[in-house]
Amino acid sequence: MIEQLQVRLRTEFGTQRCTRLRKAGLVPAVLYGQKKPNVHLLVPAHDIQGVIRHGTRIVRLTGDVQEEALIREVQWDTWGVEILHVDFARVSATDRIRVTVPIHLRGEARGTKQGGVVEQLLHQIELECEAAEIPEEIHVNVNDLDVGQNITVGQLPLPKSAAPLTDTDTIVVRCVIPAEIPEAEEAPATLTEREPELIRRREKEEEPEED
């Protein structure tokens, strides 16, 4: 289900006015694409933060604008806490979009009971996909993964319209026996550690004989 965002047209511009709008809980935004004029908008900060937190890519704009749009870019403050600006790109359900999607593992690999460990080598993947089928994330089940086995990009559960832009032979996750780390040999005493003994010996050797 596509999430909805209530928006309204923005009529105030300039740094000071934008700062005042943000303090009022509104985020400046722009809608563009499909050879139509750009539209400047305001989005409630709480609503857009919730949408981004859910990992949603496609939203339905309602209110002063009635459009389906892709969240193309989000500008954050220095601390990554406050959203300063959002770019929306107009899309239709069949438009093919390039996106980067996170990969998450699920389950417990069978090989871990044989002493193996699971290594995830790829944490996100770039896809080209119809807008209506863009996944929020990709889940990979590793339950059947034995020691020495792996799962590649070509084996990922992708939407029907999705085509990976990464080589399909690229390993996403594997189960391996961890390499043994040799025990550290005892380090020889350093010059500093031996020095007092040498000094004491020299002092004894140089001690003058009693008359």
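The values are calculated or read from the model by the stated rules, or taken from the named source; none is laboratory data. This one's a predicted model, so the numbers in the text were calculated from it and none came from an experiment. So basically every Cβ, Gly included, is an ideal-geometry build from the backbone, and we count neighbours across all protein chains shown. Just the protein is used for accessible areas: all its heavy atoms, side chains included, with ligands, DNA and RNA removed. Shrake-Rupley method; radii C 1.70, N 1.55, O 1.52, S 1.80 Å.
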*Considering only protein heavy atoms, what per residue accessible area in square angstrom results for segment 8-116 with a 1.4 angstrom probe?*
59 Å²
_Give me the percent of accessible area attributable to carbon and sulfur for segment 1-45, probe 1.4 angstrom._
54 percent
*How far, in nm, would the chain grow between V118 and A179 when pulled straight, counting 0.36 nm per residue and subtracting the alpha carbon separation?*
20.7 nm
_From the protein chains alone at 1.4 Å, what is the descending order of accessible area for T78, T56, largest first?_
T78, T56
*Using only alpha carbon positions, build the gyration tensor of segment 50-149, then give the equivalent ellipsoid semi-axes as the square roots of 5 times its eigenvalues, largest first, whole angstrom.*
35, 17, 11
*Sum of side-chain charges, N143 neighbourhood, beta-carbon under 9 Å (Lys, Arg +1; Asp, Glu -1)*: 0
_Counting other C-beta atoms within 10 Å, and keeping those with at most 12, which DSSP coil trypsin sites (Lys or Arg not before Pro) do you find in segment 1-78?_
K35
*Run the accessible area of segment 88-157 with a 1.4 Å probe and give the carbon-and-sulfur part as a rounded percent.*
41 percent
*Taking K and R as +1 and D and E as -1, what net charge do the other residues with C-beta under 14 Å from the C-beta of V153 add up to?*
-3
